[in-house]
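Colleague: Structure below; questions to follow.
A short reminder: the numbers here are calculations on the coordinates, not readings from a lab. In this text, all values refer to a predicted model and were calculated from it rather than measured experimentally. Backbone-built Cβ (ideal geometry, glycine too); neighbour counts: all protein chains shown.
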Amino acid sequence: MTATTPVVPQPEDAERPVRALPLHGVLPPDPGAFLDRPVYDPFSARRRRTPEWLVSYTVALVLGDLLAAGAGLALAGLTSSGVVALSARELLLALAWVALLAATGAHAERRFGTGSDEYRRVLVAGLVATSALAAAGALFPWDGSDGLLLVAAPTAVACTLAGRLLNRRRLHAARRRGLMTKRVVVLGRDVAVADLVRRLRRDAAAGLRVVGACVPRPDEARAVRAEGIPVIGTLSGAVRAVDDARADAVVVASASETAGEYLRQLAWRLEGTNIEVLVGPGLIEVSSDRLQVRPTSTVPLIQVQEPDFRGWRRLAKSLLDRAVAGVLLLVGSPVLLGIALAVRATSRGPALYRHRRIGKRGREFDLLKFRSMVVGADSRIAALMTLNEGNDVQFKMRRDPRVTRVGAWLRAFSLDELPQLVNVLKGDMSLVGPRPHVIREVEQYGADMHRRLLVKPGITGLWQVSGRSDLSWDESVELDVRYVENWSFGLDLAILWRTVRAVLRRDGAY
């Protein structure tokens with residue numbers, strides 16, 4: 001068996017000087033193995049300028065953090081003495097808050113736009129600030145120390161989180177228009193690159209805009225070209241291709257050709273250029289919270305933790321679901337009664353509609369909804385099947401003749417779902433979870449789809465806040481499985497927040 005020489009990134013034309021993309025301080029351990037490649041000057045890298053949008057966004061965050069600290073200090077002054085005083089001490093405290101946020105990594109660019117880590121860093125900074133103020137107040141008491149601890153610190157944290165949320169929404173809106181993004185070149189095999197391109201496109205919030213691809217055999221890269229992405233080089237010519245494309249980042253798809261020595265050489269040749277090297281490990285629909293790097297003496301390993309299907313966190317979710325459902329039913333009882341009377345007064349039949357569904361681990365239960373259709377609507381599906389606007393499994397029509405006038409209004413604002421709070425109170429459902437499963441749909445489930453049955457279905461979920469009835473069947477299944485695999489309290493809170501916006505905007509409601 002003959003040993004194969006690993007492919008390493010190098011210029012496609014060895015006689016053409018490679019400009020501005022050298023190794024930075026580290027040469028290969030065995031230079032003789034790379035004598036067919038140009039020698040790189042380790043200290044002459046031309047560093048790419050930081051994008052203007054990134055500078056302006058970071059400045060906006062810092063100014064927002066300063067304003068948040070100022071708001072906390074002003075409120076503390078008002079509550080303690082009735083006067084807003086912004087002295088040198090207050091200015092130093094505000095600057096200290098910004099410095100603390102920077103020290104905890106809340107200003108790191110990799111946390112902008114996606115994930116909850118940015119918000120966690122703000123909370124960590126708030127905890128440190130509160131602890132420091134409490135210790136200082138106990139050791140060196142001064143007038144106003146209680147106000148700083150009890151008013152200024154919590155207000156600054158709350159205002160900082162609100163400012164970060166508003167800035168993130170602004171960033172997402174810009175990225176949906178193709179602005180405030182990073183130019184990315186993807187490296188790897190044809191099919192792997194095409195799959196990665198599709199996934200990056202779906203996550204516009206990440207801000208990674210693919211401008212080109214490098215594959216082992218460009219003339220055979222049909223899958224990449226089918227995605228509308230130009231093939232700008234081979235794997236061995238990736239360094240020059242990245243430079244010519246003026247890319248801000250390189251994403252390496254998981255493949256044998258781009259592992260080990262290739263990846264190390266690529267990282268060396270991009271050091272000092274301000275070009276990021278990102279690696280797609282080939283893990284699909286796994287959140288970063290479930291990934292941990294396990295270092296060894298030779299290679300870092302990625303540990304994928306099991307999804308959280310049991311334990312105290314699931315018990316806490318169940319108890320919290322029931323408590324919130326009980327409160328909402330009590331507070332909203334006049335609204336529920338009014339809707340029930342409107343349904344009964346405008347069409348023949350009961351106010352509530354019961355439908356048999358499949359819940360956690362295959363248990364059946366009666367899902368409750370306000371009746372939005374005429375009595376006997378289910379028996380008319382076969383006659384309307386040719387007008388189906390839904391996906392291959394679900395029947396949907398934008399102008400369904402079976403829907404009553406009151407029912408159309410209830411559906412538009414998802415008010416017909418409110419009786420499901422009773423299902424939550426009984427323990428059949430959760431506030432947030434996969435879409436409730438219809439029996440005839442479950443009979444068509446594949447192995448992946450059965451993962452949805454590991455948790456309780458929800459009144460709302462990723463499927464509802466991501467397009468709802470406008471989604472294809474595969475897309476809705478993918479979102480449900482993503483939720484099941486990566487559940488967390490933070491994800492539930494984010495979905496509940498997005499649900500309010502989706503309901504008010506009536507996204508995909510029909």
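Colleague: How high is the FRET efficiency between A316 and R498 when r is their beta carbon distance and R₀ equals 22 Å, given to the nearest 0.05?
Modeller: Working: r = 22 Å, r/R0 = 0.99.
It comes out at approximately 0.50.
Colleague: Based on other C-beta atoms within 10 Å, arrange E118, E276, E306 from fewest to most. Please list the in-between numbers first.
Modeller: Numbers: E118 22, E276 16, E306 7.
In increasing order of surrounding Cβ atoms, one gets E306, E276, E118.
Colleague: Still on this structure, I have one more. Could you list V374, V335, V122 in order of exposure, starting from the residue whose Cβ has the fewest other Cβ atoms within 10 Å? Numbers along the way, then the final one.
Modeller: Working: V374 15, V335 12, V122 23.
Least crowded to most crowded, the residues run V335, V374, V122.
Colleague: If you don't mind, another one. Can you give me the Cα centroid spacing of region 397-474 and region 165-184 in angstrom?
Modeller: Each part's Cα centre sits 30 Å from the other's.
Colleague: Binning at 10 angstrom from zero up to the longest distance, how are the C-alpha pair distances of region 52-176 distributed in percent?
Modeller: P(r) for region 52-176, in whole percents per bin: 13, 45, 28, 12, 2, 0.
Colleague: Two decimals is fine: what is log10 I(q)/I(0) at q = 0.17 Å⁻¹ for region 197-328, from a Debye sum with one equal scatterer on every Cα and no solvent?
Modeller: Those come out to -1.02, one per q.
Colleague: Rank by packing, highest mean first: peptides 68-79, 486-497, 410-421, with packing defined as the count of other Cβ atoms within 10 Å averaged across residues.
Modeller: Working: 68-79: 21.8, 486-497: 16.5, 410-421: 19.8.
Order by mean packing, descending: 68-79, 410-421, 486-497.
Colleague: Further question on the same structure: If you find the alpha carbon centre of region 310-379 and of region 104-153, how far apart are they in angstrom?
Modeller: So the two Cα centres are separated by 42 Å.
Colleague: Please enumerate, by chain and number, the lysines with C-alpha under 30 Å from the C-alpha of K360, excluding those fewer than 8 residues away in the same chain.
Modeller: Once the sequence-local lysines are set aside, what remains near K360 is K317, K369, K396, K426, K456.
Colleague: Also, I was wondering about something else. Only Lys, Arg, Asp and Glu count, each charged at its Cβ (+1, +1, -1, -1), so figure out the dipole size of region 244-355 about its Cα centre, rounded to 20 debye. Show your work: numbers first, answer last.
Modeller: On the way: 13 positive and 11 negative charges, 210 e Å.
Using only the charged Cβ atoms, the result is roughly 1000 debye.
Colleague: Work out how much length F413 to L161 would gain on full extension: take 0.36 nm times their residue separation and subtract the Cα-Cα distance, in nm to one decimal.
Modeller: Values: separation 252, 0.36 × 252 = 90.72 nm, distance 2.86 nm.
Additional length available on full extension: 87.9 nm.
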